[in-house]
1. If you take the residues in the range 84-93 that are within 15 Å of the chain's Cα centre (by Cα) and in a loop (DSSP other than H, G, I, E, B), which one is modelled with the lowest pLDDT?
2. Is one or more of the residues making up the range 3-12 surrounded by fewer than 13 Cβ atoms within 10 Å (Cβ to Cβ) and outside any helix (DSSP H, G or I)?
3. Identify all residues within the range 94-114 that are in a helix (DSSP H, G or I) and surrounded by 18 or more Cβ atoms within 10 Å (Cβ to Cβ); write none if there are none.
4. Go through the range 41-83 and count every residue that is surrounded by fewer than 12 Cβ atoms within 10 Å (Cβ to Cβ) and either in contact with a strand residue (DSSP E or B) (Cβ under 8 Å, 6 or more places away or on another chain) or part of a strand (DSSP E or B) (or both).
5. When residue 56 is evaluated against the numbered criteria (1) modelled with pLDDT of 95 or more; (2) more than 23 Å from residue 118 (Cα to Cα), which criterion, by number, is the only one it fails?
6. State yes or no: is residue 18 crowded, with 22+ Cβ neighbours inside 10 Å and touching a residue at least 60 places away in the same chain (Cβ under 8 Å)?
7. If you scan the range 36-46, which residues turn out to be in contact with a helix residue (DSSP H, G or I) (Cβ under 7 Å, 6 or more places away or on another chain) and at pLDDT 95 or above?
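The values are calculated or read from the model by the stated rules, or taken from the named source; none is laboratory data. Just so we're clear, the structure is a prediction, and the values are computed from it rather than from any experiment. Glycine also receives a Cβ, built like all others from the backbone with ideal geometry; neighbour counts cover every protein chain displayed.
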């Protein structure tokens, strides 16, 4: 059975690039444009991996992760932040919210898959 990933980004182009990379690696991908949409998807399905942007309309990535972590099925699901921001303070906020890892845009597909293989058994 294919593993499932939830990709959250307000940029359709970024959604497509991440989805393409994950699909090639055998993931079934669900996409969302903001944290609120992603929470709706999370409540409706099961995901082995979540990749989210930080800066999005409606609900940002940090708020989304905090809300996601309150859902029992997602307490231990790997969540990667994929954002243009690389500051230590933002990374600390991400970790405090429950992010498993942090990648900066533009991302290298091979590096993304290397990290995914580490966090998704």
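1. Among residues in the range 84-93 that are within 15 Å of the chain's Cα centre (by Cα) and in a loop (DSSP other than H, G, I, E, B), the one modelled with the lowest pLDDT is 85.
2. First, the residues of the range 3-12 that are surrounded by fewer than 13 Cβ atoms within 10 Å (Cβ to Cβ): 12.
Next, from what is left, pick out any that are outside any helix (DSSP H, G or I): none.
No, because not a single residue in the range 3-12 is surrounded by fewer than 13 Cβ atoms within 10 Å (Cβ to Cβ) and outside any helix (DSSP H, G or I).
3. Going residue by residue through the range 94-114, those that are in a helix (DSSP H, G or I) are 94-97, 109-114.
Once the filter is applied, which keeps residues that are in a helix (DSSP H, G or I) and surrounded by 18 or more Cβ atoms within 10 Å (Cβ to Cβ), the range 94-114 yields 94, 97, 112.
4. Narrowing the range 41-83 to residues surrounded by fewer than 12 Cβ atoms within 10 Å (Cβ to Cβ): 43-44, 46, 57, 70, 72, 75-76.
Filter again for either in contact with a strand residue (DSSP E or B) (Cβ under 8 Å, 6 or more places away or on another chain) or part of a strand (DSSP E or B) (or both), leaving 46.
The number of residues fulfilling the criteria is 1.
5. Failing condition for residue 56: (1).
6. Values: crowded, with 22+ Cβ neighbours inside 10 Å: yes; touching a residue at least 60 places away in the same chain (Cβ under 8 Å): yes.
Against the criterion (crowded, with 22+ Cβ neighbours inside 10 Å and touching a residue at least 60 places away in the same chain (Cβ under 8 Å)), residue 18 qualifies.
7. Here is the first cut: in the range 36-46, the residues in contact with a helix residue (DSSP H, G or I) (Cβ under 7 Å, 6 or more places away or on another chain) are 38-39, 42, 46.
Scanning the range 36-46 gives 38, 39, 42.
Residues are listed down the side, and each one gets a yes or a no for (1) in contact with a helix residue (DSSP H, G or I) (Cβ under 9 Å, 6 or more places away or on another chain); (2) farther than 24 Å from residue 106 by Cβ; (3) free of Cβ contacts under 8 Å to residues at least 60 places away in the same chain:
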position	(1), (2), (3)
26	no, no, yes
33	yes, no, yes
48	no, yes, no
55	yes, no, yes
60	yes, no, yes
68	yes, yes, yes
73	yes, yes, yes
80	yes, no, yes
91	no, no, yes
